[in-house]
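Encoded as structure tokens, the structure appears first; notes follow it.
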Amino acid sequence: GDRKVSPARFADLLALKNAYYLAAVESLTAGDILPGVERLIRGLRESGFKIAAVSASRNARLVLSRLGISDRLDCIVDGNDQERDSAGRTRFCMAADLLDVAPSRCIVFEDAASAIRHAQDAGMKTVSLGIAPELSVADLAFESLCGVDAHVVLKWLKIEAPTPMPRQAAAVSLVARL
């Protein structure tokens with residue numbers, strides 16, 4: 001609405017919101033990983049893909065650690081890695097650079113239409129997760145990762161497994177939601 005608050009009060013409210021969020025994060029366990037994520041990571045690994053997590057959140061590393069999957073990722077790019085107002089596309093490109101993979105060899109799994117557009121602007125293939133109409137801009141869409149097989153995704157997107165080893169392609173994936 002039209003409610004006005006001072007900058008100091010606004011900062012206090014943001015700090016309070018973050019404290020509530022961090023308290024919720026502390027209760028996360030491996031049981032909170034979205035259904036299908038572990039299968040997807042395993043399938044992508046078996047196909048020779050490097051895997052990164054990309055998030056605008058400054059708490060992504062903590063969330064991934066609490067979920068117990070940080071060690072299955074080749075890199076994590078989050079809100080601490082660049083200025084808050086930078087384009088999301090830059091985070092995706094940063095992940096590709098850290099993985100030493102061309103953006104055209106990356107697949108982004110995402111539930112936000114703006115992030116899908118950023119990834120596409122960077123030349124990456126996209127897979128949307130969810131049922132919102134604005135997600136239809138992705139190259140491939142699923143309601144969720146339940147039952148999603150990495151090999152089927154690669155076939156639909158016409159992406160061949162990286163050869164020769166070491167891995168040459170990347171997947172950037174959404175793994176949990178509070």
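The values are calculated or read from the model by the stated rules, or taken from the named source; none is laboratory data. Quick caveat, the model's predicted, so the values are computed rather than measured. Using ideal geometry, Cβ is built from the backbone for each residue, glycine included, and neighbour counts are taken over all protein chains shown. Calculation scope for accessible area: heavy atoms of the full protein, side chains included, ligands and nucleic acids excluded. Shrake-Rupley method; radii C 1.70, N 1.55, O 1.52, S 1.80 Å.
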The range 93-120: number of residues that are in a helix (DSSP H, G or I) and more than 11 Å from the chain's Cα centre (by Cα): 14
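Could you say whether any residue in the range 109-118 is open to solvent by less than 10 Å² (accessible area, probe 1.4 Å), modelled with pLDDT of 90 or more and within 26 Å of Val63 (Cα to Cα)?
Within the range 109-118, one or more residues are open to solvent by less than 10 Å² (accessible area, probe 1.4 Å), modelled with pLDDT of 90 or more and within 26 Å of Val63 (Cα to Cα).
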Go through the residues of the range 51-68 one by one and say whether even a single one is modelled with pLDDT under 95, outside any helix (DSSP H, G or I) and open to solvent by 70 Å² or more (accessible area, probe 1.4 Å). yes
Matching residues, the range 34-50, being in a helix (DSSP H, G or I) and either open to solvent by 40 Å² or more (accessible area, probe 1.4 Å) or not hydrophobic (A, V, I, L, M, F, W, C) (or both): Glu38, Arg39, Arg42, Gly43, Arg45, Glu46
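Which residues, taken from the range 139-157, are in a helix (DSSP H, G or I) and among the charged types (D, E, K, R)? Write out each step before concluding.
In the first step, residues of the range 139-157 are kept if they are in a helix (DSSP H, G or I); the result is 150-156.
Matches in the range 139-157: Lys155 only.
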Inter-residue pairs, beta-carbon under 6 Å, first closer than 23 Å to Glu160 by Cβ and in the range 88-117, second hydroxyl-bearing (Ser, Thr, Tyr) and crowded, with 22+ Cβ neighbours inside 10 Å, 6+ apart: Val108/Thr126; Phe109/Ser173; Ile116/Thr126; Ile116/Ser128
(1) at pLDDT 90 or above; (2) open to solvent by 10 Å² or more (accessible area, probe 1.4 Å); (3) assigned to a helix (DSSP H, G or I) all hold for Gly123 apart from (3)
Give the range 126-138 a look and list any residue that's assigned to a loop (DSSP other than H, G, I, E, B) and closer than 16 Å to Trp156 by Cβ, or say none. Ala138
